[in-house]
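**Q** Below you'll find the structure I mean.
The values are calculated or read from the model by the stated rules, or taken from the named source; none is laboratory data. All of these numbers come straight from a predicted model, not from anything done at the bench. Every residue, glycine as well, gets a Cβ built from its backbone with ideal geometry; the counts of neighbours run over all protein chains shown. Accessible surface is based on the protein model in full, side chains and every heavy atom, while ligands, DNA and RNA are left aside. Shrake-Rupley method; radii C 1.70, N 1.55, O 1.52, S 1.80 Å.
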Amino acid sequence: METGSPDGTGTARATEPAADTARDEPVWTGLPPGLLRMRRLLLVAWLGLLTLAAGLLPGFLIGPGWALLALLPPALGVWGWVMLERNWRSWRYAERADDLLISRGVLWREETVVPYGRMQLVEVTSGPVERHFGLASVQLHTAAAATDATIPGLDPAEAERLRDHLTELGEARSAGL
């Protein structure tokens with residue numbers, strides 16, 4: 001005799017709410033590795049210039065012992081290298097039925113929920129460095145300026161797809177207001 005099965009299948013229905021919550025979990029998408037490469041290259045370039053300035057200028061102007069200051073920027077570079085990866089890994093976004101989630105932050109996690117019906121403008125931007133690395137950013141503007149959100153470092157095709165999809169959903173959701 002099967003117990004706990006009102007439909008006679010032997011499967012208890014108590015597992016169905018758990019399955020529903022599993023379906024409601026957002027599917028997170030991380031940022032592409034191109035953003036991390038770009039940021040690391042910028043870190044190396046700027047710290048390389050800073051190393052030259054910190055070592056050469058004091059070494060020539062004050063004395064050779066002061067050239068040891070050139071060791072500080074590479075030490076900062078090692079720390080920055082690790083922190084850039086941690087920051088890059090913390091960024092993610094998820095498209096849900098009624099809103100877009102953007103999560104970021106290593107020490108202080110920040111999760112932004114942007115309802116599709118509140119979006120006023122979705123734009124794709126790409127500066128010269130981003131274009132060189134084949135990246136673009138999606139910026140969402142809402143009625144409240146404090147809730148504007150950005151997703152940096154996306155592939156341009158993904159950024160355009162996301163812009164078009166979010167614009168379509170925003171128009172559909174705001175029509176009922």
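**Q** Scan the stretch 106-129 residue by residue and report those that are in contact (Cβ under 8 Å) with a residue 12 or more places away in the chain and either over 29 Å from Glu171 (Cα atoms) or open to solvent by 50 Å² or more (accessible area, probe 1.4 Å) (or both). Quick ask: steps written out before the conclusion?
**A** From the stretch 106-129, those in contact (Cβ under 8 Å) with a residue 12 or more places away in the chain are 106, 109, 112-126, 129; that's our starting set.
Across the stretch 106-129, the qualifying residues are Val106, Arg109, Val113, Pro115, Arg118, Gln120, Leu121, Glu123, Thr125, Val129.
**Q** Quick one: in the stretch 79-121, which of the residues that are at negative phi and in a loop (DSSP other than H, G, I, E, B) is modelled with the highest pLDDT?
**A** Among them, the one singled out is Trp91.
**Q** Let me ask something additional. Please tell me if Gly153 is surrounded by 16 or more Cβ atoms within 10 Å (Cβ to Cβ) and assigned to a helix (DSSP H, G or I). Show your work before the answer.
**A** Numbers: surrounded by 16 or more Cβ atoms within 10 Å (Cβ to Cβ): yes; assigned to a helix (DSSP H, G or I): no.
Taking the combined requirement at face value, the residue does not satisfy it.
**Q** Hey, another quick one. Go through the stretch 116-154 and give me each residue that's acidic (Asp, Glu) and in contact with a Leu (Cβ under 7 Å, 6 or more places away or on another chain). Break it down into steps so the answer makes sense when it comes.
**A** Start the filter on the stretch 116-154 by keeping residues that are acidic (Asp, Glu), which leaves 123, 130, 148.
Asp148, the sole residue that qualifies.
**Q** Another question about this same structure. Checking the structure you have, find out if any residue of the stretch 50-67 is open to solvent by less than 70 Å² (accessible area, probe 1.4 Å), at positive phi and either at pLDDT below 50 or not basic (Lys, Arg) (or both). Walk me through how you get there before you give the answer.
**A** Our first condition is that a residue be open to solvent by less than 70 Å² (accessible area, probe 1.4 Å); within the stretch 50-67, this holds for 51, 53-55, 58-59, 63, 65, 67.
With the extra rule that they be at positive phi, the set shrinks to 63.
Right, trim to either at pLDDT below 50 or not basic (Lys, Arg) (or both) and you get 63.
Yes, because at least one residue in the stretch 50-67 is open to solvent by less than 70 Å² (accessible area, probe 1.4 Å), at positive phi and either at pLDDT below 50 or not basic (Lys, Arg) (or both).
**Q** Another one. Looking only at the stretch 122-150, how many residues end up being assigned to a helix (DSSP H, G or I), farther than 17 Å from Tyr93 by Cα and of a type outside the set (Lys, Arg)?
**A** 6
**Q** Next question. Looking at the stretch 68-103, which of its residues are open to solvent by less than 50 Å² (accessible area, probe 1.4 Å), touching a strand residue (DSSP E or B) at 6+ places or on another chain (Cβ under 6 Å) and either closer than 21 Å to Arg39 by Cα or of a type in the set (S, T, N, Q) (or both)?
**A** Ser90, Trp91, Tyr93, Ile102, Ser103, listed by residue number.
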